[in-house]
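Read-outs: derived from the displayed coordinates by stated rules, not from any lab. The shown structure was predicted, so the numbers you read here are calculated from the model rather than taken from an experiment. When we count neighbours, we look across all protein chains shown, and the Cβ atoms used for this are built from the backbone with ideal geometry, even at glycine.
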């Protein structure tokens, strides 16, 4: 006798004993896998305090330990952007651009007057690496100021210096001194046009004496005219002309004599500028 199959109408349906309703089509509930929960990491308080102390963006007045004050923008805890610094000891004030904690960009530096205590502008212009750098104007005293180019906090490049006695120098500068080509105009309008070195007339140059109506054209060494020619120039219009005009040079070749003298001076200067070992 053949045993009824599992799906036989007359046999025992083992699968039929299960509940096949939609609500029953679920996996048997298993025990949940245990999950290890670690306690949340908490940074030390000093980490939080340090984070809050980091200065970025615009801040109100920040005082340094020595009493200096700064109002302005910050980046990663250093002055960066627009801001104003006031030094307690000197009372000086800088207002302008900052870059990574240093004056960099355009800004103005002022100090209080020793008598009136009013702020007096010292420098207005461009800065780089905490130094005057680029074009700017510096005021030395009443009626005396410089406008021109700066490098490493010194006058360097082209510039014009106004002196308190009315004199003006306009031309090239190097290491805070007139060097290169420039024109110096005296308070009486007499002027020198030519070469400069270390703040002195040096090399070929021309001095125009408007008061006497004369011109000296020659070669200079350390502010001293060594060789050249003096001629009358606008003598009739000069306010204080000399009693007698300058006589005509009677040399056969005055230009050749002058050229030879200049060459001798240049060779002597070249010799003295050489190190002792190279002179032999």
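In which sequence would 106, 146, 100 go, from the one with the fewest C-beta neighbours within 10 Å to the one with the most? Let's see the in-between values first.
On the way: 106 14, 146 21, 100 11.
Arranged by neighbour count, lowest to highest, 106, 146, 100 become 100, 106, 146.
Calculate the length of the line joining the C-alpha centroid of the stretch 70-85 to that of the stretch 186-251, in whole Å.
54 Å
Bin all alpha-carbon pair distances of the stretch 73-172 at 5 Å intervals from 0 and give each bin's fraction as a whole percent.
The calculated distribution, bin by bin, is 3, 13, 20, 20, 19, 13, 7, 3, 1, 0.
Per-residue counts of other Cβ atoms within 10 Å, averaged by peptide: what ranking do you get for 122-128, 176-182, 230-236, highest first?
122-128, 176-182, 230-236
Tell me the relative contact order for the stretch 178-267 as a rounded percent, counting alpha carbon contacts under 8 Å between residues six or more apart.
18 percent
When 198, 68 are ordered from fewest to most other Cβ atoms inside 10 Å of their Cβ, what list results?
Fewest-to-most ranking of 198, 68: 198, 68.
Would you mind ranking 60, 202 so that the residue whose beta carbon has the fewest other beta carbons within 10 Å leads the list?
Values: 60 7, 202 20.
By the 10 Å Cβ count, ascending, the order reads 60, 202.
Under 8 Å for C-alpha pairs, at least 6 residues apart: give me the relative contact order for the stretch 92-154, rounded to a whole percent.
Details: 133 pairs, mean separation 14.5, N = 63.
For the stretch 92-154, the relative contact order is 23 percent.
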